[in-house]
Structures are given as structure tokens and as C-alpha cells.
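Report on the following structure.
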Ligand code: NAD
């Protein structure tokens, strides 16, 4: 069977990506919701996305209003039920391999699903810009709370649980609209970005700031910028290589 144009273009793009990876000394992967869709976690800005069904509850409202907290927990547990048991896929595995080989010092992610850690990358090497949705924290004392216990209390009482240690407001460990960005991950993401000579974006529309400022910074700092995404992104124009394709398919074809 003869190869059609799009298959050839896909193969050429993967070969070009492989060549850039082979030449790179410090690769910094930067991921968004698109890397996890193959695992069954829906992306954000896709038609029918469950994340877009409701107007987001902003951080100020969550803090000020117990009813908003109850609604936030109701939505959180409903979303968790949608992708319970999601496992890392070929894209996560390819990035974990780059980290394990010492070719990538870590991964910067906008994702909150914990799938990079589940793929075998140590916690310390996963820089989570928007937090982590697999546990909760007290916003006063910082104590970690497990979601199973929060859910048990929530479902039994119908109230948003408070911190068992200090009585503070407990929230999913994600960053909500209007919530300050986490300082240490922002600092670490900047360090990694400035160390990169190849910055590899996978699965982000690159419209969420300040997260999307890191690929811009990498490019201005002289790194090669590669974007692997199914659809056009905001930063295709400044990329050295755009691979318009499926992440699992593309990264899964790279040599280990
Ligand atoms: P986004 O939804 O805005 O963009 C995802 C991009 O990935 C889209 O352009 C889409 O075309 C592409 N895509 C989807 N599946 C793909 C695949 N298999 N192969 C190639 N491309 C694919 O996501 P974003 O830029 O990360 O911004 C969304 C925000 O929402 C983030 O800040 C994140 O915190 C949050 N979010 C996280 C998750 C998660 O943790 N998995 C899921 C949804 C939303």
C-alpha cells in the first residue's frame, strides 16, 4: 500500500523531532491537558468538555462563601468519578524515559492529574504550575488531607470539611482562577526553562498565562521550541518545529 501525504508528513515531523532531541543537551518537557486525553482525562477547551459545563468558582468566592465551597466539592467529586483509574499513556512514558535517561531534568506541567508521577517520575522532578487534584490541603496550616476522607465527611454531613488540625479552610490542592500562582513551582519552572536548550511542549493550547510564558521565555533564551499538538496553538509562529499530531502516536515513535 502506498503512503499518503499526511502519513509521510507525520513521519518526517517525527524524524525532525528525533533529530532535535538527539542534538539537545537539556530537554525540558512542558505538558498540558492534551497529554492526558489518551488516558481518558478530558482536555479543557474541547467541545463538550465537562470542565466547561459550569462557570468556574473563583478563589475569592471559595474563601468567602460556604455554599461555594460545598458546590466546589460536589463538582470535584463528580469530575473525579469521570476519570477514576486513569493510567499514564505512551506520551507520559516517553517523557518519563527522557527523565530516567538524565536527558530531561524534570517536567513542567499545567496538569493536575498526577499522571507524570504515576508514570515513574519522582515528585521532585514534576513541577506542577496549577497544583494537584489528587489530594487537598489546608489553606491556613498547609496540612495535607486525603480526598477519600474529605469525601466521607462531605457526603455524611453535606458540609465542606474544615482542617482537622487547625479548623482552616480545606481546598483541593489545585490553583483556582484568581488564586496566586504557587511560588516555588514558578521559580523552579523558570530555572528549568532557562537551563533548556530544547523546550518540548506537548498538549497545550498555550492560552493560559502565566504558564504559557515559559515557552516564550525558552525561545527568547535561545532554546529550540517544539510544539506537539493536534490543533494550532497560540505560539506555533515562534516554534522551531510544530508537530501537528497525536501525542501518544508521536512521542511513542521516538527511539528510547
Ligand atoms: P487545553 O485543553 O486548553 O489544550 C489542550 C490541547 O491539547 C488542545 O489544543 C488539544 O487540541 C490538544 N490535544 C488534546 N488531546 C491531544 C492528543 N491526544 N494529542 C495531541 N494533542 C491533543 O489545555 P491546557 O493548555 O493544558 O490548559 C487547560 C488548563 O486546564 C490547564 O491549566 C490545566 O491546569 C487544566 N486541566 C488539566 C487537566 C489534567 O490535569 N489532565 C485536564 C483539563 C484541564
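Only the coordinates and a few stated rules stand behind these numbers; no lab work does. All figures in this text were calculated on a predicted structure; none of them were measured in a lab. Cβ placement follows ideal geometry from the backbone for every residue including glycine, while neighbour counts extend to all protein chains displayed.
Where does each of 9-15, 42-48 land if you order them by average Cβ count within 10 Å, highest first?
Working: 9-15: 15.1, 42-48: 13.3.
Ranking, from highest mean packing down: 9-15, 42-48.
For labels at residue 84 and residue 237 in the simple 7 Å Cα→Cβ model, what's the distance in nm?
Between residue 84 and residue 237, the simple spin-label model gives 4.6 nm.
Just grab the label-to-label distance for residue 220 and residue 122, each label 7 Å out from Cα along the Cβ direction, in nm (one decimal).
Going from the residue 220 label point to the residue 122 one covers 3.2 nm.
Where does the chain land at 222 nm, in deg cm²/dmol rounded to the nearest 500, when only DSSP H runs of n ≥ 4 count, each adding -39500 (n - 2.57), divided by all residues? Write down the numbers at each step before the final one.
On the way: 9 runs with 95 residues, N = 256.
One gets -11000 deg cm²/dmol as the mean residue ellipticity at 222 nm.
How do 91-102, 24-35 rank on mean C-beta neighbours within 10 Å, highest first?
Numbers: 91-102: 20.0, 24-35: 24.2.
Ranked from most to least packed, the peptides come out as 24-35, 91-102.
Gaussian network model of the chain, Cα springs within a sub-10 Å range: biggest mean-square fluctuation belongs to which of 237, 195, 218?
237
Take every DSSP beta bridge whose two residues both sit in the chain, then give the antiparallel share in percent to the nearest 5. Intermediate values should be presented prior to the final figure.
Working: 7 of 25 bridges.
So the antiparallel bridges amount to about 30 percent of the total.
By how many nm would the segment from residue 191 to residue 151 grow when fully extended, if each residue of separation counts as 0.36 nm and the alpha-carbon distance is taken off? All intermediate terms of the calculation are to be shown ahead of the outcome.
Numbers: separation 40, 0.36 × 40 = 14.40 nm, distance 3.68 nm.
Difference between extended and current length: 10.7 nm.
How far, in degrees from 0 to 90, does helix 90-100 lean away from the longest principal axis of the Cα atoms of the chain, to the nearest 10?
On a 0 to 90 degree scale, this one is about 80.
7 Å from Cα along Cα→Cβ at both residue 18 and residue 6: what's the point-to-point distance in nm?
Those two pseudo-labels are separated by 2.2 nm.
Do you know the relative contact order of the chain, to the nearest whole percent, from alpha carbon pairs under 8 angstrom that are 6+ apart? Before the final figure, lay out the partial values.
Working: 422 pairs, mean separation 62.4, N = 256.
So the answer I get is 24 percent.
In terms of the ratio Rg/(2.2 N^0.38 Å) built on C-alpha atoms, what value belongs to the range 116-256?
Values: Rg = 18.6 Å, N = 141, 2.2 N^0.38 = 14.4 Å.
The reported ratio for this selection is 1.29.
From the mean inverse distance of alpha carbon pairs (Kirkwood) and the Cα radius of gyration, derive Rg over Rh for the chain.
On the way: Rg = 19.3 Å, Rh = 19.3 Å.
Taking Rg over the Kirkwood Rh, I get 1.00.
Please work out the Cα center distance from the range 183-256 to the range 56-131, rounded to the nearest Å.
Here the two parts' Cα centres lie 18 Å apart.
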